[in-house]
Amino acid sequence: MYYEIVPMDRGHIPQIAALEKECFSAPWSEQLLSDALFDPQASFIVADDGEGNILGYAGLHAVLDEGYIDNIAVVPDARRHGVASALLEVFCRFGAVNLAFLTLEVRASNAAAIGLYEKHGFQRAGLRPGYYQKPREDAVIMTREFGE
């Protein structure tokens, strides 16, 4: 499966908003995505198939030397093809040079995502009880530390 990781631009927002609705119970709106596009602390990237179709996307906010991964989402037909791993790897390479750590929350029941994060060196760092709604579920906090 061919794709290229590129920075998110305004033209990607409608497809990303649709992907958000498909993947998350509390999806980001087009307005929130647009705001993030122009946030100097944010970096959003997409996996583009070369024909203008978004296969996945990921967002990161960096505050000083701390990185917070907002979302990683992949269209169902592109899952299990390395798209999420490639997106996450971009942020891990950035973090290794620029950050003390990367952190994120993931649904406790999302074994596939937890496995992906563990494969990329993230470790379970805590639990946020009842963090997610629709359905109500705990979030596992996962962190990857960089440096010495």
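The values are calculated or read from the model by the stated rules, or taken from the named source; none is laboratory data. These figures come from a predicted structure and were not determined experimentally. Every residue, glycine among them, receives a Cβ derived from its backbone with ideal geometry; neighbour counts consider all protein chains shown. Heavy atoms of the whole protein, side chains included, go into the accessibility calculation; ligands, DNA and RNA do not. Shrake-Rupley method; radii C 1.70, N 1.55, O 1.52, S 1.80 Å.
Here are the numbers for the structure shown:
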quantity	calculated
Tensor-based shape of region 96-148 (alpha-carbon gyration tensor, a/c under 1.5 rounded, otherwise prolate or oblate)	prolate
The chain: calculated mean residue ellipticity at 222 nm from DSSP helix runs of at least 4, using -39500 (n - 2.57)	-9000 deg cm²/dmol
Rounded to whole Hz, the Karplus (6.51, -1.76, 1.60) HN-Hα couplings of region 10-16, x for glycine and proline	4, x, 7, 4, x, 5, 5
Part-to-part distance (alpha-carbon centres) for region 1-24 and region 134-148, which is given in Å	23 Å
S109-A42 FRET efficiency (beta carbon distance; Förster radius 35 Å; 0.05 resolution)	0.80
Contour excess over end-to-end distance, with Cα ends at N53 and S25 and 0.36 nm allotted per residue	7.8 nm
Heavy-atom accessible surface of the chain: percent carbon and sulfur, 1.4 Å	50 percent
Mean separation of Cα contacts under 8 Å, 6 or more apart, over the residue count of the chain: relative contact order %	18 percent
Cα gyration tensor category, rounded, prolate or oblate, for region 44-123 with a/c compared to 1.5	oblate
Note, ³J(HN,Hα) from phi for region 118-124, Karplus 6.51, -1.76, 1.60, rounded to Hz, x at Gly and Pro	5, 4, 9, x, 7, 10, 5
Probe 1.4 Å, accessible area per residue of the chain, Å²	55 Å²
At R0 = 25 Å, FRET efficiency that the Cβ-Cβ distance of R136 and D70 yields, to 0.05	0.75
Pairwise label distance in nanometres, R128 with D9, each label 7 Å out on the Cα-Cβ vector	3.3 nm
Inter-centroid distance (Cα atoms) of region 89-118 relative to region 52-79, Å	10 Å
